[in-house]
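Comments concern the structure below.
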Amino acid sequence: MKLLEIIKFSKEYLEKYSFSKSRLESEKVISFVLGIERIDLYSNFQMELTNEEKMKIKKILLQMVKTNKKFDDIEKENIQNQNTNTENFKKENLILLRKSISYLKKYNVPNARIDAEYIFAQVLQVKRNALMLSFNVEINEEKRNTIRNYIQRRGKNREPLQYILKEWEFYGYPMNVDSRVLIPRQDTEILVDECKKLLEKEEFPKILDMGTGSGAISISLGKEINKSEVLGADISEEALEVANSNKELNLAENVSFIKSNLFENINYKNYNLIVSNPPYIPVDEYENLMPEVKIYEPKNALTDNGNGYYFYEKITEEAWEYLKRGGYLAFEVGYDQGEKVVSMMEKKGYKIIDRVLDYGGIERVILGQKI
């Protein structure tokens, strides 16, 4: 049915029910539905309307006839109802958010508000900083149930937020994360920062990331240092599956991964940088970790089942053979491990060039150079 026929039909329909100025009223309805000016209707008289457009016109006409109201009055009521619905949705959604925060606090979840907001943002598919803007529309029952499920997992089960969301940002890059890998920490971004500084004058640096896990360090360095060549090594095949998925996610073509027990399968021996965030939590401290960490994160990525220094000793000793002269060894360390790690590096012959604090003022990164 063409536009001219729709105008004629609408006019006659309103005339049948004694509407004054039936042509004007029908034109207002049709121009509103089509999103064009009334003055342009007749220049488009051959336009074919879609079934959806015809149904919208019919619905408005029927509403006018049932209420005996003109189009302007109907539209005014619709806007008022829409505003009322918006306010109601916002109120309901804020109540759901407050209840979610209270539930997390009940189970002593740190940063309960932030975690709840991340969960809402994930389910509603918006950025967390734009969450409140999305509260003006209804959250359907399916999404409400998903939110409740996630909040329960985070609260009662104390499952890490990152594993619930399946993705976390590290150094500005999205990373897939699940229970196969350690969750990338913000403090580790300091390690990436320092490694970037070390290599800023190198034209084609070769980098080895020992114990790569999710691949967060490897991928961040590969993306930030465009002409670099990065190899991430890990003994865990499951971790390497996640690392490779993150490589694809971030299109990190200059990054590759290899299964290796420390340096066992590493053949290249002229690296500019070897970097590692190894398992460093002493086994006695591991027993007292928060439930999110102890229950869910892989134990072999957290502790060496000893005093926390096993991997520092092994990597410090073996990395010497795989670094070029002038190359760097960079470690992330635990809160009280810096002094001992420095001692073992100096004993091997490395020159300590920096000891860097984290955001909490704790020594977090040790940087050494093969001289």
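The values are calculated or read from the model by the stated rules, or taken from the named source; none is laboratory data. Just so it is clear, the model here is predicted, and its values are computed rather than measured. Note that each Cβ is placed from the backbone with ideal geometry, even for glycine, and that neighbours are counted across all protein chains shown.
How many residues are surrounded by fewer than 20 Cβ atoms within 10 Å (Cβ to Cβ), of a type outside the set (A, V, I, L, M) and under 16 Å from the mean Cα position of the chain (by Cα) when one looks only at the range 223-249? Selection size over the range 223-249: 2. Taking the criterion of being closer than 20 Å to Gly213 by Cβ and either crowded, with 18+ Cβ neighbours inside 10 Å or among the aliphatic types (A, V, I, L, M) (or both), the residues of the range 314-333 that qualify are Ile315, Thr316, Ala319, Tyr322, Leu329, Ala330, Phe331, Glu332, Val333. When the criteria are applied in full, Arg148 fails the requirement of being in contact with a Pro (Cβ under 6 Å, 6 or more places away or on another chain), over 21 Å from Asn246 (Cβ atoms) and not assigned by TED's automatic domain parsing to the domain that holds Asn244.
If the condition is being closer than 13 Å to Ser276 by Cβ and either in a helix (DSSP H, G or I) or of a type in the set (Phe, Trp, Tyr) (or both), then the range 318-371 contributes Glu318, Ala319, Tyr322, Tyr328, Phe331, Val341, Met345. The single condition among (1) surrounded by 13 or more Cβ atoms within 10 Å (Cβ to Cβ); (2) out of contact with any strand residue (DSSP E or B) (no Cβ under 9 Å at 6 or more places or on another chain); (3) of a type in the set (Ser, Thr, Tyr); (4) more than 30 Å from Asn108 (Cα to Cα) that Ser343 does not satisfy is (1).
Would it be correct to say that Ser43 is surrounded by 12 or more Cβ atoms within 10 Å (Cβ to Cβ), over 23 Å from the mean Cα position of the chain (by Cα) and among the small types (Gly, Ala, Ser)? So Ser43 does not fit the description; no. With the structure loaded, tell me whether Tyr13 is farther than 30 Å from Leu133 by Cβ, loosely packed, with under 12 Cβ neighbours inside 10 Å, in contact (Cβ under 8 Å) with a residue 12 or more places away in the chain and not polar (S, T, N, Q) or whether it fails that test. When the stated conditions are applied, Tyr13 does not pass them.
Please specify each residue of the range 113-130 satisfying the condition of being surrounded by fewer than 17 Cβ atoms within 10 Å (Cβ to Cβ) and closer than 18 Å to Arg154 by Cβ. Residues satisfying the conditions are Arg113, Ile114, Arg128. Taken over the range 14-48, residues that are modelled with pLDDT of 85 or more, within 16 Å of Leu4 (Cβ to Cβ) and assigned to a loop (DSSP other than H, G, I, E, B) amount to 0. Among the residues of the range 118-138, those that are at pLDDT 85 or above and either in contact with a Phe, Trp or Tyr (Cβ under 8 Å, 6 or more places away or on another chain) or part of a loop (DSSP other than H, G, I, E, B) (or both) comprise Ile119, Gln122, Val123, Gln125, Val126, Lys127, Arg128, Leu131.
A quick yes/no check of all residues on (1) surrounded by 22 or more Cβ atoms within 10 Å (Cβ to Cβ); (2) at pLDDT 95 or above:
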| position | (1), (2) |
| --- | --- |
| Glu141 | no, no |
| Asp193 | no, yes |
| Lys206 | no, yes |
| Asp209 | yes, yes |
| Ser218 | yes, yes |
| Leu221 | yes, yes |
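What number goes with the only condition from (1) in contact with a helix residue (DSSP H, G or I) (Cβ under 8 Å, 6 or more places away or on another chain); (2) in a loop (DSSP other than H, G, I, E, B) that Leu251 does not pass? That leaves (1) as the condition not met.
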